[in-house]
Every structure is written in structure tokens, then in C-alpha cells.
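Right, one structure below, let's go through it.
The values are calculated or read from the model by the stated rules, or taken from the named source; none is laboratory data. Small disclaimer: the values here were computed from a predicted structure and weren't measured. Please note: Cβ atoms are built from the backbone with ideal geometry, for glycine as well, and neighbour counts cover all protein chains shown.
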Amino acid sequence: MSTTVVVAAEDTGIMMTAFDSSERHAFVGTVGDYTVADPRMQCRGVDVYYGEEHAIRNVSLDIGKYQVVSMIGPSGCGKSTFLRCLNRMNDEIPGCRVTGTIRLDGSEIYSKGQDVVPLRAQVGMVFQKPNPFPKSVYENIAYGPRIHGLTNNKAELDGLVETSLRRAGLWDEVKDRLNQPGTELSGGQQQRLCIARAIAVSPEVILMDEPCSALDPVATARIEELIDELRENFSIAIVTHSMQQAARVSQRTAYFHLGNLVEVGETKQIFTNPSHKLTEDYITGRFG
């Protein structure tokens, strides 16, 4: 599908926001098709405010089933803020206000009756710095299934813990250390433990906010391999400063700048033939 710049009415979901007049390239609307044929999540006209600051401007983007979408852009462009909207993590920030619609399997996640606890089980989060609970490896995984009532007995829970650790590529490394604190694992192992903890509650979407920024190259490569394996069962949205990582792990890429979604498309197209000058300038290292 060819990509064009579109400026449309609000109900289409295409952005109408302009950059400040000081910007070299005026922003008139997202380049590319923000929709997918089989979406898991649909975001339309999302705005985020921190008090008077307008941090995210009318962003529309679909998260496809069994697909990785990477969000790239310079520091402070709003990509992590937008990611945190997808499981309402911004609710924890005083003065933060989110408008627009975000639907998971057709249901509005910002509806008044939405309980964020089951939502965050359905839309799990892996943070920039590994944050295992101050509990054993076993309890890190068992905690979520236990509080959500996903197992009926100890044998089922044991099986779920093993399955989750295997899916995260960690079982063989920790099967004899299940009762040791998760905080004693290496950084890369801790991050995989956090991923195992997220998938243990059977989410539909996994959000990853710079999951490899604190890891060495070997651990980073293992996490990237894991992301590729996990997309067979989950939808994944990842924020990354590494364009090389985005190119390796994702099928679609969304480029953010000053709170606007500038361009979205197939990852190969974004990195080899971007349509917007701002995207091209970032990809080629002219700024960012």
C-alpha cells in the first residue's frame, strides 16, 4: 500500500496538530496507515496532558495481533508516555489526563467501569530497568496467577511457573534456584524473569519500555530473540532508542516527534524509504 500524507476530520483518527512555527518541516498529519487488518488494540485521537503541558497530540495507532510494533524517536518525543497509556500506567502520575479512545478487543480501557488490575494483567509491562519483586524466583512468577485465581492447586501453579520460565528462555538457568531471590540473578536474567512474570498471567499485549537499555550486548541479543519468539503468541509494543533493535525485532515502526506520531509503516519501509522528511532526518542521524 502506498503511503500518503492525509489531513482529515477528527472522526477519522488522523491528526490535525501542527508543529511550532520554529519547526523546519511543518507537521500536518501522520504519514502512513496507522490501522492494521487484525488489531488487538485500537488507539484513536489520544491526547495526554501533564497539567498544562500537551505531551501527546491526537495520536492514532493500531497494535496488531501477533506482531511487534516499535516506537522510535528522540528523547522526550512522547513515545514512552504513549506506551504507558496502553495499560493506564499514566493514572499513577498526578495531574496527568488522557483523552481519546483506546480499545482492547473492542472494549474501551478508559471507561469508568474499567478495573485497572485485570487490565494490567491483559496488557503487561516490562520496564527499562529490571524490577523483580524482592521474593524468590518462584514467587516472582507465582504471585500474579495466585492473586488472579488462574490455578486451582499447587501442582497447577508449579506447572505454570515452569511453563512461564521456559517461554522466557530462563528455566534451564534457574530450575535449581527457584527458592533463591530473583534479585540475585544477573541483569539479563532479571529482565527475562520480569518477562516471565508478565506472561504468567496470560496477557494479550506485552508493553516493553527500553527493555535492553541496561543490558550488555549478549543479554540484549537474548531478549531480542525472545521477543521474536513471543510474538507468535502475543502482541508486543516496544519503545527503543536503538534503531538497529527496532529494525531487528519489529514488523511495524512508528516514529514520534514532539508528541506527534509523524510516520508509521512497515519497518523495512520506514528504515529504507521513509516518506516524511522528519523521519528521514532522524533515521539518517541528522538529529535525535
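Looking at VAL137, is it surrounded by 15 or more Cβ atoms within 10 Å (Cβ to Cβ) and in contact with a strand residue (DSSP E or B) (Cβ under 8 Å, 6 or more places away or on another chain)?
Judged against the criteria, VAL137 is a match.
For segment 154-169, the condition holds for no residue, the condition being that it is modelled with pLDDT under 95, exposed (fewer than 15 other Cβ atoms within 10 Å of the Cβ) and under 24 Å from the mean Cα position of the chain (by Cα).
Of everything in segment 84-97 that is surrounded by fewer than 19 Cβ atoms within 10 Å (Cβ to Cβ) and under 17 Å from the mean Cα position of the chain (by Cα), the residue that is modelled with the lowest pLDDT is ASP91. Taking first residues from segment 253-277 that are more than 19 Å from ALA237 (Cβ to Cβ) and modelled with pLDDT of 95 or more and partners that are among the hydrophobic types (A, V, I, L, M, F, W, C) and not in a strand (DSSP E or B), the Cβ contacts under 6 Å between residues at least 6 apart in sequence or on separate chains come to PRO274/ILE283. Output yes when any residue across segment 110-118 is within 23 Å of GLU232 (Cα to Cα), surrounded by 12 or more Cβ atoms within 10 Å (Cβ to Cβ), out of contact with any Pro (no Cβ under 7 Å at 6 or more places or on another chain) and not charged (D, E, K, R), and no when none is. Looking through segment 110-118, none of the residues is within 23 Å of GLU232 (Cα to Cα), surrounded by 12 or more Cβ atoms within 10 Å (Cβ to Cβ), out of contact with any Pro (no Cβ under 7 Å at 6 or more places or on another chain) and not charged (D, E, K, R). Set side by side, the residues SER202, SER275, SER213 differ, and just one is touching a strand residue (DSSP E or B) at 6+ places or on another chain (Cβ under 7 Å) and assigned to a loop (DSSP other than H, G, I, E, B), which is SER275.
Does ASP33 meet the test of being free of Cβ contacts under 8 Å to residues at least 40 places away in the same chain and more than 17 Å from the chain's Cα centre (by Cα)? Please lay out each step first, then the result.
On the way: free of Cβ contacts under 8 Å to residues at least 40 places away in the same chain: no; more than 17 Å from the chain's Cα centre (by Cα): yes.
Spelling it out, it is not the case that ASP33 is free of Cβ contacts under 8 Å to residues at least 40 places away in the same chain and more than 17 Å from the chain's Cα centre (by Cα).
Please work out if ARG222 is at pLDDT 95 or above and of a type in the set (D, E, K, R). Reasoning before the result, please.
On the way: at pLDDT 95 or above: no; of a type in the set (D, E, K, R): yes.
Here the answer is no, as ARG222 does not meet what is asked.
Is it true that SER75 is modelled with pLDDT under 95 and within 21 Å of ASN260 (Cβ to Cβ)? Yes; evaluated as a whole, the condition is true for this residue.
Taking the stated definitions as given, is SER250 in contact with a helix residue (DSSP H, G or I) (Cβ under 7 Å, 6 or more places away or on another chain), closer than 30 Å to ALA55 by Cα and buried (at least 24 other Cβ atoms within 10 Å of the Cβ)?
Numbers: in contact with a helix residue (DSSP H, G or I) (Cβ under 7 Å, 6 or more places away or on another chain): yes; closer than 30 Å to ALA55 by Cα: yes; buried (at least 24 other Cβ atoms within 10 Å of the Cβ): yes.
Spelling it out, SER250 is indeed in contact with a helix residue (DSSP H, G or I) (Cβ under 7 Å, 6 or more places away or on another chain), closer than 30 Å to ALA55 by Cα and buried (at least 24 other Cβ atoms within 10 Å of the Cβ).
Among the candidates ASN233, ASN152, ASN179, single out the residue that is part of a loop (DSSP other than H, G, I, E, B), out of contact with any Gly (no Cβ under 9 Å at 6 or more places or on another chain) and without any contact (Cβ under 8 Å) to a residue 24 or more places away in the chain. Criteria check complete, one pass: ASN152.
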